[in-house]
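The values are calculated or read from the model by the stated rules, or taken from the named source; none is laboratory data. The model shown is predicted, which means the values in this text are computed figures rather than measured ones. Counting neighbours? That spans all protein chains shown, and the Cβs are built from the backbone with ideal geometry, glycine included.
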Amino acid sequence: MRLLRKAKDRFVFHLGPRDRPMLRAVLNRYPVVPSAHQPLSRYAPSRDGEINQSLLDEALAEQRQQNERQLHALLRNSRRFRKTGAGWQMTLSIADIEWLLQVLNDVRVGSWIILGSPEQDLWDFVPNDETMPHALAMEMAGYFQQRLLEAITGERDT
Amino acid sequence: MAETATPGVAPRIDPDKESKSKSGLEPGYLVICWNDPVNFMDYVTHVFQMVFGWQRKKAEFHMLQVHELGKSVLTRESMEKAEHYVHQLQKYSLHASMERDE
């Protein structure tokens, strides 16, 4: 996947023949991070803290549902994906990219959690047959994240 | 960006309105980001810029603190604002929490 051009709020990416099915496979895994995984506070939860924690969990769950709906709409939108020769063109707005980054990082972090949250250099982590799908999902999500970040970094800092 | 000029005359401070001691202020909450080795450095920098509206340099400073020290205190806020920021950071799947600033 690479950025072809950007004009105003539109970023057009080229997806190679393998990129599109891989992107779909990664995005179809969403959500991966377990719900209620994130504590609001790491220390001494109070009664107020418990209420706030449950409000946070609800807000994150709602966000997830919205992301899932948006994701399905994106993957089915023929105007966003246009066949070109052997590959595809994917057109995204800056807002699309922002939430795609969130979705991709959910897949990346969630897969990492399933792998047991290895602390060592991830390049040294050797998956077995059982954990291979999660390791691949983590790496592929990271690949697409990097391409999206490269595309918007220049835009944001100028 | 140009630095802000220092005024030549010091502002008058009404003794009754001087800052209270820390314990007299509204309790503050620290928004902390913790290190997860799975997150890309560029990604964490990007998220800090988006959530806090920081310049890249400041965002990178805090990202490096997270990376090298295991955590970074990003800001001190009221409870409501701290909750808002933690929610925003967690939407990006960053490991963030809020702790009372004793």
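Just a few scattered comments:
- Here B:Glu60, B:Glu102 are screened, and the one residue that is out of contact with any strand residue (DSSP E or B) (no Cβ under 9 Å at 6 or more places or on another chain) and at pLDDT 95 or above is B:Glu60.
Residue-by-condition table, conditions (1) at pLDDT below 85; (2) not in a helix (DSSP H, G or I):
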residue: A:Pro39; (1), (2): yes, yes
residue: A:Tyr43; (1), (2): yes, yes
residue: A:Glu50; (1), (2): yes, no
residue: A:Glu62; (1), (2): no, no
residue: A:Gln65; (1), (2): no, no
residue: A:His72; (1), (2): no, no
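- Scope the stretch A:130-154; condition among the aliphatic types (A, V, I, L, M) and surrounded by fewer than 16 Cβ atoms within 10 Å (Cβ to Cβ); matching residues: A:Met132, A:Leu136
- Filter pass, A:Arg69 being closer than 20 Å to A:Leu148 by Cα and surrounded by fewer than 16 Cβ atoms within 10 Å (Cβ to Cβ): no
- Residue within the stretch A:18-30 that is among the aromatic types (Phe, Trp, Tyr) and within 21 Å of A:Leu136 (Cβ to Cβ) present: yes
- Test: residue in the stretch A:91-114 that is of a type in the set (S, T, N, Q), away from chain B (no Cβ under 11 Å) and closer than 19 Å to B:Val47 by Cα: yes
- Long-range neighbours under 8 Å by Cβ, at least six apart or interchain, first residue free of Cβ contacts under 8 Å to residues at least 24 places away in the same chain within the stretch A:55-80, second β-branched (Val, Ile, Thr) and surrounded by 14 or more Cβ atoms within 10 Å (Cβ to Cβ): A:Leu56/B:Val86; A:Arg79/A:Thr91; A:Arg80/A:Thr91
- Scan of the stretch A:103-129 for residues that are crowded, with 16+ Cβ neighbours inside 10 Å and assigned to a helix (DSSP H, G or I), ordered by number: A:Val103, A:Leu104, A:Asn105, A:Asp106, A:Val107, A:Arg108, A:Val109, A:Gly110, A:Ser111, A:Trp112, A:Ile113, A:Ile114
- Going through (1) within 11 Å of chain A (Cβ to nearest Cβ); (2) out of contact with any Asp or Glu (no Cβ under 9 Å at 6 or more places or on another chain); (3) closer than 30 Å to A:Phe125 by Cβ one by one, B:Cys33 falls short only on (1).
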